[in-house]
Amino acid sequence: MSLIKDLTKGIYHENPVFKLVLGMCPFLAVTTSVENALGMGAAATFVLICSNFLVSLFRNIIPSKVRIPCYIVIIATFVTLVDMVMNAYLPDLHRSLGIFIPLIVVNCIILGRAEGFANRNPVLNSIADAIGMGIGFTLAMVVLASFRELLGNGTWLNFNILGSAYQNQPLLIAILAPGAFILLSFILGFSNILEQRKGGRQ
Amino acid sequence: MAEMLKVGLILMLVTLVAAMALGLVNSRTAPIIAIQKELAKQKAMTEVSASLSPGDSLAFDSLSVAGLENPYASCDNTLSVVRISVPPDTSRIGYVFIAYGKGYSSTVQTMVAVELDGSISNTTILYQQETPGLGANIVIPSKLIEKFYGLTASEFLLTKDGGGIDAMTGCTITSRTVTNSIRNGLEVMSEAGLFSSVEDSADDTSEPAAEGGTE
């Protein structure tokens, strides 16, 4: 397994959202705007890299019987540390990313990658995997958030795209919770069609 | 048995290291966070009250008004009503208070600058953890809180509740909690007799703050 392959597989072939269907809670919750998607993606990628690094580093020390509690402790500790340090030294960043930090703890991509990859691969490969998964997660969120923000608010990354006439009567359901499920099912369905076509050709 | 002991000890070690790291970082960052919060509050207070008397540097004195204390124990923000004056003149020109209301997913804290006649001069959202993209848009002034300027307690009702303020689309709960918490604050302050001219000028439009400032 080369480093490059570990890095790129998370972006499409094993995309955490569209292929592994992990991390649905933050994925559905914060994709109301592209800005939020980017913020959540950046924060989750950072924690993912750090937790994969630590889990991989200690993979020979932690007994397999208690590995899950150990991972949870490591991830939760790390998230809390990031939260406290950011709050103290980068208050402006904390204000804009603050809502995402508690959500990272419940992001099962992080636990999923610790359990599925980092605990049996070397440190460098685990970091590559974390970066790839982080990018894949961020891209997936930006895709859904683009649809939701454009349909539900008429904007993209806060730029007015569809005009103020549309904004007065937007397709509000896109930005509400049901819209997330509806659009997600369309995206998953589309991705499955692509997969089937590829499978048929082989 | 021996293996179980070993596994247990390792787990204990991991949690011990984690707890120590958390404790250490918390003891370092907690005082800085407290200072940052206080600074942010002061900054918000200066900004929100600037509308009362633009260009002047203002003095703040805390007043305690029964009934306006923070009803939610989870919030540590305890500023009640602050009296605003322009030094060296000590006569008040208005007030600032924080309204607390239970929103959709958080306690929304709104800082409000009030003219002497009890009409709203300026508002800013201090704290909220509402749904991103929906209720969290409350921080954008044009969505809701700009509609408050110049209103008095009796006008503070959403259209859905029989008043004249349009809620943010899709965010009635957040809009309602902010509107109602401000009305509640204004009513308590009015009962405490803080609005000297509230009876005679309630029906007319709000006067510039500097003129209303003499008692």
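Evaluated at q = 0.08, 0.10, 0.12, 0.17 Å⁻¹, a Debye calculation over the C-alpha positions of chain A (equal weights, vacuum) places log10 I(q)/I(0) at -0.30, -0.47, -0.66, -1.14.
Computed as a quarter of the hull surface, the mean projected area of the alpha carbon convex hull for segment B:127-194 stands at 4.8 nm².
The mean number of Cβ atoms from other chains found within 10 Å of a Cβ in peptide A:23-33 is 2, as a whole number. Counting only alpha carbon atoms, the long axis of helix A:34-57 and the longest principal axis of chain A meet at about 10°.
What FRET efficiency comes out for the pair A:Leu3/A:Ser64, r = Cβ-Cβ distance, R0 = 30 Å, nearest 0.05? Efficiency for this residue pair is about 0.70. On full extension, the segment bounded by A:Ile173 and A:Lys198 gains 5.7 nm, given 0.36 nm per residue less the C-alpha separation. Of all lysines in the structure, those lying under 30 Å Cα to Cα from B:Lys41, and not within fewer than 8 positions of it along the same chain, are B:Lys102, B:Lys143, B:Lys147. In plain terms, the bigger the Kirkwood radius, the slower the diffusion; for segment A:32-100, with that radius from Cα pairs, at 4 °C and 1.567 mPa s, Stokes-Einstein puts D at 97 µm²/s. Its Kirkwood hydrodynamic radius, worked out from the mean inverse distance over all distinct Cα pairs, puts segment A:73-165 at 15.7 Å. Angle of helix A:67-89 to the longest C-alpha principal axis of chain A, folded into 0 to 90 degrees and rounded to 10: 60°. Lysine pair count for chain A with Cα-Cα distance under 22 Å and sequence separation of 8 or more or different chains is 5. With the highest mean first, a sort of the peptides B:3-16, B:166-179 on other beta-carbon atoms found within 10 angstrom per residue produces B:166-179, B:3-16.
At a Förster radius of 56 Å, what calculated FRET efficiency corresponds to the Cβ-Cβ distance of B:Val7 and A:Leu93, to the nearest 0.05?
Details: r = 39 Å, r/R0 = 0.70.
E between B:Val7 and A:Leu93, to the nearest 0.05, is 0.90.
Plugging the Kirkwood radius over Cα pairs into Stokes-Einstein for segment A:61-109, at a temperature of 10 °C and a viscosity of 1.306 mPa s, what D comes out in µm²/s?
Working: Rh = 11.9 Å.
So the translational diffusion coefficient is about 133 µm²/s.
For segment B:30-57, the residues whose amide N sits under 19 Å from a probe point set 7 Å from the Cα of B:Leu63 along the beta carbon direction are B:45-46, B:48-53.
Once the Cα gyration tensor of the protein assembly as shown is diagonalised, what are the square roots of 5 times its eigenvalues, in whole Å and ordered largest first, as equivalent ellipsoid semi-axes? Walk me through the numbers on the way to the answer.
On the way: eigenvalues 467, 160, 50 Å².
Output for the protein assembly as shown: semi-axes of 48, 28, 16 Å.
Simple spin-label estimate for B:Glu47 and B:Thr90 gives 3.2 nm between the two label positions (7 Å along the Cα-to-Cβ direction from each Cα).
Read-outs: derived from the displayed coordinates by stated rules, not from any lab. Not measured: the values here are computed from a predicted model. When we count neighbours, we look across all protein chains shown, and the Cβ atoms used for this are built from the backbone with ideal geometry, even at glycine.
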